[in-house]
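Derivation of every value follows stated rules applied to the coordinates shown; laboratory data play no part. Note that the coordinates shown come from a computational prediction; the quantities given were computed from them, not determined experimentally. Quick reminder, even Gly has a Cβ in these numbers, built from the backbone with ideal geometry, and neighbours come from all protein chains shown.
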Amino acid sequence: MHPNSGPHPPYWYGMPPNMRVGDADRERTIDHLKYAFGEGRLNGEEFEERVAAALAGRTRSDLEALLDDLLLPMPAPPMPMSGLPAMPHPPVQPPGWINNGSRASFRPMKPGRPRSERGWAATAHWAAFVAPVVGPLVIGKTVGSRSEFVRTNAREALNFHLTCLISLILLVPAILFVGFVDELLFAAASVGALLGGARAFGGDSMRYAVNLRLVKK
């Protein structure tokens, strides 16, 4: 069926009635009749009569007479984009303003931690590879005296290093009989130190799942 068929008039509908029609116009008229027949608005006898009349039609008025009681008015043309009302935009609030539903209030935004603090906090954890126990102890006593964030991470790292050292001492008998126990302990300590340093460098205080936390301050 032609894409122009349907309940609405064809493109030539309403042109001068005495204008001659061609085979394409007759075929499109028949397509509209098929559409109406498929919807049950024409019975079989009416459909055959109108198809025969369409094939014999010579002018626009001949074809329009077959569709007058079947077609709907042409739909209104779409509104141009320039005529559409502007969509409302939510009010833009400056940084720090929090919308509480009925009103907006100012709440200072939490500043990011300085890169130097995050670097020292991460180093306290990563010191497990070069200076276990000593590294976080020194960082906590020096840089940690000026930054609570560095001090918290250095203390957690120090306790983790002590936990690993104590575990190594307690597992000496097992290491003598099972050679890979020390390797498992080293792998676990390495993964923990790497994760702790990464978390601290991201601006969060690390808290190990397994840690004796012997040092409280």
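The table below lists the values:
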{"quantity": "Extension reserve of the Thr59-Ser167 stretch, reckoned as 0.36 nm per residue once the Cα distance is removed", "calculated": "28.6 nm"}
{"quantity": "Net charge of neighbours whose Cβ lies under 14 Å from the Cβ of Arg155, counting Lys and Arg as +1 and Asp and Glu as -1", "calculated": "+4"}
{"quantity": "Net charge over other residues, Cβ less than 14 angstrom from the Cβ of Asp31 (K, R count +1; D, E count -1)", "calculated": "0"}
{"quantity": "Under-5 Å amide H pairs with Thr59, H placed in peptide plane, nonlocal only", "calculated": "Val21"}
{"quantity": "Listed peptides 203-214, 145-156, 129-140 by packing density, highest first (mean Cβ within 10 Å)", "calculated": "145-156, 129-140, 203-214"}
{"quantity": "Inter-site label distance for Ala209 and Leu195 at 7 Å from Cα along Cβ, in nm", "calculated": "0.6 nm"}
{"quantity": "Exposure proxy ranking, count of Cβ atoms within 10 Å, fewest first, for Ile30, Ile169", "calculated": "Ile169, Ile30"}
{"quantity": "Test item: Cα-centred dipole of region 115-201, Lys/Arg +1 and Asp/Glu -1 on Cβ, debye", "calculated": "400 debye"}
{"quantity": "Taking the convex hull of Cα positions in region 115-201, its mean projected area over all directions (nm²)", "calculated": "5.1 nm²"}
{"quantity": "Calculated from backbone phi, Karplus (6.51, -1.76, 1.60) coupling profile of region 131-147 in Hz, x at Gly/Pro", "calculated": "8, x, 6, 5, x, x, 5, 5, 4, x, 7, 9, 5, x, 5, 10, 9"}
